[in-house]
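The values are calculated or read from the model by the stated rules, or taken from the named source; none is laboratory data. Source: prediction; values computed, not measured. Positions of Cβ are backbone-derived with ideal geometry, glycine not excepted, and every protein chain shown enters the neighbour counts.
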Amino acid sequence: MIDELPKLEKVRGRSEAPAKPPYFDQSLLMIGGKAPTGDPLYKVGWGWDLRCFRNGNDQSLKYPGPFLNRWVWEKWMPPTFFGSEKQWEERRWTRSADGKWVDLLGAFPSRGLYGMKMPLTTPDGEFIPLGSSVLEFIDMVHQGDYSQGWNVYSSAKLYARLQEKMADEESQLMASIDDEVEEFTDYVRTREDEINNNPVQFFRPGQSLWTPEGERQIH
């Protein structure tokens with residue numbers, strides 16, 4: 001019977017970020033140093049926690065793809081990476097399906113922006129925890145591309161195209177999550193008495209149960 005139950009992780013669509021080793025961020029700073037703004041050159045964040053401005057929303061998922069439940073290595077990009085402010089403004093606004101103007105990009109990133117360097121996964125895309133081996137890998141890549149320059153041509157155009165693609169992916173992701181939540185809610189509603197009488201039969205202790213009335217913790 002439990003095999004029929006949709007997995008809660010799939011329904012909620014996310015896993016909380018695992019704890020970083022206490023030395024990790026400081027070690028990352030030692031590898032990459034600081035950007036001209038004084039911010040770290042490199043950051044590593046959990047996919048679900050990384051947000052950006054897109055389509056008028058400053059809390060849009062930055063990378064709404066297969067790496068949401070993975071660590072993502074980001075690198076600071078200077079304002080010149082996106083071309084001139086004029087080029088940015090030319091790409092900033094887009095029309096929605098109903099013909100309204102929408103702010104796709106937000107204000108010009110005068111202090112630069114962080115962009116994905118790469119997801120930190122196995123070659124098959126599976127999760128790997130942060131630790132000394134990940135830092136060694138980042139250091140190796142850093143040494144290899146330290147002297148590479150930035151492409152400053154047409155980058156505002158390419159960034160706008162990326163954000164349009166990310167907006168479509170985020171919309172599809174949220175629609176999928178909504179469908180899974182509805183499926184899970186229907187399951188709980190039709191078996192509510194049975195689940196309430198013996199919740200451990202259906203859920204692991206400590207797991208959150210999403211009911212039509214809200215979230216419950218299983219003890």
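In region 11-27, what residues are farther than 21 Å from S176 by Cα and either modelled with pLDDT under 90 or touching a Gly at 6+ places or on another chain (Cβ under 7 Å) (or both)?
Taking region 11-27 as the starting set, the residues that turn out to be farther than 21 Å from S176 by Cα are 17-27.
Answer for region 11-27, where residues must be farther than 21 Å from S176 by Cα and either modelled with pLDDT under 90 or touching a Gly at 6+ places or on another chain (Cβ under 7 Å) (or both): just P21.
Just one of the listed residues (G83, G125) is closer than 23 Å to Q172 by Cα and either among the small types (G, A, S) or in contact with a helix residue (DSSP H, G or I) (Cβ under 6 Å, 6 or more places away or on another chain) (or both), namely G125. Please determine whether any residue of region 61-68 is exposed (fewer than 14 other Cβ atoms within 10 Å of the Cβ), of a type outside the set (G, A, S), on the phi < 0 side of the Ramachandran plot and out of contact with any Ser or Thr (no Cβ under 8 Å at 6 or more places or on another chain). Yes. Summed over region 80-109, the residues that are assigned to a loop (DSSP other than H, G, I, E, B) and either over 21 Å from the mean Cα position of the chain (by Cα) or closer than 25 Å to L41 by Cα (or both) give a count of 12. When D49 is tested against (1) buried (at least 17 other Cβ atoms within 10 Å of the Cβ); (2) within 21 Å of E169 (Cβ to Cβ), only condition (1) is not met.
Would you check which residues across region 69-109 are among the β-branched types (V, I, T) and buried (at least 19 other Cβ atoms within 10 Å of the Cβ) and list them?
Within region 69-109, the first condition is being among the β-branched types (V, I, T), and the residues that meet it are 72, 80, 94, 102.
Answer for region 69-109, where residues must be among the β-branched types (V, I, T) and buried (at least 19 other Cβ atoms within 10 Å of the Cβ): just V72.
Beta carbons closer than 6 Å, at least 6 apart along the sequence or on distinct chains, pair a first residue in region 119-132 that is without any contact (Cβ under 8 Å) to a residue 24 or more places away in the chain with a second that is in a loop (DSSP other than H, G, I, E, B) for T122/I128. Residues in region 110-139 that are closer than 16 Å to L41 by Cβ and touching a Pro at 6+ places or on another chain (Cβ under 8 Å) were compared, and the one that is surrounded by the most Cβ atoms within 10 Å (Cβ to Cβ) is G112.
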